[in-house]
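Reading through the structure tokens given below for one structure.
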Amino acid sequence: MNCLIIDDNEIARLTLAQLLSLDSSLKLIGECASAKDAFVKILDIQVDLLLLDIEMPEMSGIELAKSLGDKQPLIIFTTSKRDYAVEAFDLRVVDFVTKPILPARFLQSIDKAKKIFHQKDIATKEAQDEFIFIRDSNTVRRIRLNDILFLEAKGDYVQVAVQGKTYAIHSSLKAVEDKLPKHFFIRVHRSFIVNVSKIDTIEGGTLIIEGNFVPVSDSFRGSLNKRIQIL
């Protein structure tokens, strides 16, 4: 797992780095003396686990965790005070460890994080392999959900856009939407459903998905912004 240490105390950062070295499966990819610096780094690189202090100037560890939204990695809070325990666990963190941190207690927390990480990794791989069957004219085809870019209502048909080709389903967009997994797709217009992971850019009221322009209506804009965590 890629680990990032965030603590405004240099000695605390050094201690955590030494504790991380006890497990060869952990990779220390950086240290930050402030939550603000960490926020930028987390958005820029792949971080799997945060070792996060709570009491820091300008932005606390709890404020940082809340600001990350869907981009929140696994978190182990490290702090000298127990007062924050209830609030910390409300954020669904892996563990809450008080300083001074003993090696045995640290490895216990790491073991929890590794189990959760591997479960999430398996779930992600399974999601990438999910598929549906569609009836295209007289042919039933299997399509991986991850290959679908977007779906567009075309009269009595729904056009399914896949990389380099399209298929037509004799159905309403609402009927198709009800059968699609919500963790992959979102309605952005009365005539369009998109695969969230395929959105490249948003320009005004238009999504660009691999060179295709998809409109976003005002009635769906709020749910889209919330889903993709626009900062």
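The values are calculated or read from the model by the stated rules, or taken from the named source; none is laboratory data. Computed from a predicted model, the values in this text were never measured in an experiment. Reconstructed Cβ throughout: ideal geometry from the backbone, glycine too, with neighbour counts over all protein chains shown.
Can you name every residue in region 194-231 that is under 20 Å from the mean Cα position of the chain (by Cα) and part of a strand (DSSP E or B)?
Correct list: V194, N195, T201, I202, L207, I209.
Would you check if V97 is modelled with pLDDT of 90 or more and touching a Leu at 6+ places or on another chain (Cβ under 7 Å)?
So V97 fails the test.
Among residues belonging to region 1-52 that are of a type in the set (A, V, I, L, M) and in a loop (DSSP other than H, G, I, E, B), point out the one that is nearest to T79 (Cα to Cα).
Per the criteria, the residue is A33.
Restricting to region 151-168, name every residue that is buried (at least 18 other Cβ atoms within 10 Å of the Cβ) and among the hydrophobic types (A, V, I, L, M, F, W, C).
Let us first name the residues in region 151-168 that are buried (at least 18 other Cβ atoms within 10 Å of the Cβ), namely 151-153, 158, 160-161, 167.
Matches in region 151-168: L151, A153, V158, V160, A161.
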